[in-house]
Amino acid sequence: MKHTTSPQPHWWQRSAQAIASSRYGSKLASRLLPRIDRAVLRLSGNRFTVSSALSHVPVVMLTTTGARSGLPRTVPLLAFPDGDKVALIASSFGNSKHPAWYLNLRANPRALLAFHGQPARPYIAREASGAERESYWQRAARAYPGYDAYRTRAGEREIPVLVLEPE
């Protein structure tokens, strides 16, 4: 999985990141961006998302199996490619509870990832820990500084870092 972006975000992307990482901006973003991204992805043939344009970070469509329902659940997420692997940050915009997609992956680690117009591919998820977790966290926080604000707002909840590897 490759993604190319310019080395540094533009001024307007840094501004969007600052707004999205603020308490009120993240509440608004958590409600609006997934809906907007789903529509934009459909219209663009899975090639473009507003989140990616604003954050300067690639977005994947993650499909998990619902932990309780057993039904497929698809959500757009910021992604951090690492060769064939992909790291995902279960920040939930700094909320005190884990996001549903994370709970779904804990119950069933098999998932599908679609990226930049490519067909969805099967992956297996695992939670990173120790030095690996910290390395992915630092990389994600450099790419999207909002993660540090989310970590502060999450309080006692440690934000999980998941690594997805091709099946």
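The values are calculated or read from the model by the stated rules, or taken from the named source; none is laboratory data. Being a predicted model, the structure only gives us computed values, none of them experimental. Every residue, glycine among them, receives a Cβ derived from its backbone with ideal geometry; neighbour counts consider all protein chains shown.
Assessment of segment 122-138 against the conditions (within 27 Å of L41 (Cα to Cα), modelled with pLDDT under 95 and buried (at least 16 other Cβ atoms within 10 Å of the Cβ)) yields no matching residue. With the structure loaded, tell me whether S6 is at pLDDT 75 or above, surrounded by fewer than 17 Cβ atoms within 10 Å (Cβ to Cβ) and either on the phi < 0 side of the Ramachandran plot or in a helix (DSSP H, G or I) (or both) or whether it fails that test. Answer is no for this residue. Residues of segment 118-162 that are in contact (Cβ under 8 Å) with a residue 40 or more places away in the chain and among the hydroxyl-bearing types (S, T, Y): Y123, Y136, Y144, Y147, Y150, T152.
Quick check on segment 148-162. Is at least one of its residues within 15 Å of the chain's Cα centre (by Cα), under 16 Å from P81 (Cβ atoms), basic (K, R) and surrounded by 13 or more Cβ atoms within 10 Å (Cβ to Cβ)? No, there is no match, as no residue in segment 148-162 is within 15 Å of the chain's Cα centre (by Cα), under 16 Å from P81 (Cβ atoms), basic (K, R) and surrounded by 13 or more Cβ atoms within 10 Å (Cβ to Cβ). Has segment 61-79 got at least one residue that is of a type in the set (S, T, N, Q), within 21 Å of L33 (Cβ to Cβ) and either in contact with a Pro (Cβ under 7 Å, 6 or more places away or on another chain) or modelled with pLDDT of 95 or more (or both)? So far as segment 61-79 goes, yes, one or more of its residues are of a type in the set (S, T, N, Q), within 21 Å of L33 (Cβ to Cβ) and either in contact with a Pro (Cβ under 7 Å, 6 or more places away or on another chain) or modelled with pLDDT of 95 or more (or both).
Reported count of residues in segment 27-52, each being part of a helix (DSSP H, G or I) and either over 14 Å from the mean Cα position of the chain (by Cα) or modelled with pLDDT of 70 or more (or both), is 16. Mind listing whichever residues of segment 80-117 are within 22 Å of R31 (Cα to Cα), in a loop (DSSP other than H, G, I, E, B) and without any contact (Cβ under 8 Å) to a residue 60 or more places away in the chain? If the condition is that a residue be within 22 Å of R31 (Cα to Cα), in a loop (DSSP other than H, G, I, E, B) and without any contact (Cβ under 8 Å) to a residue 60 or more places away in the chain, then P99 is the only one that fits. The single condition among (1) over 24 Å from L33 (Cβ atoms); (2) loosely packed, with under 14 Cβ neighbours inside 10 Å that R142 does not satisfy is (1).
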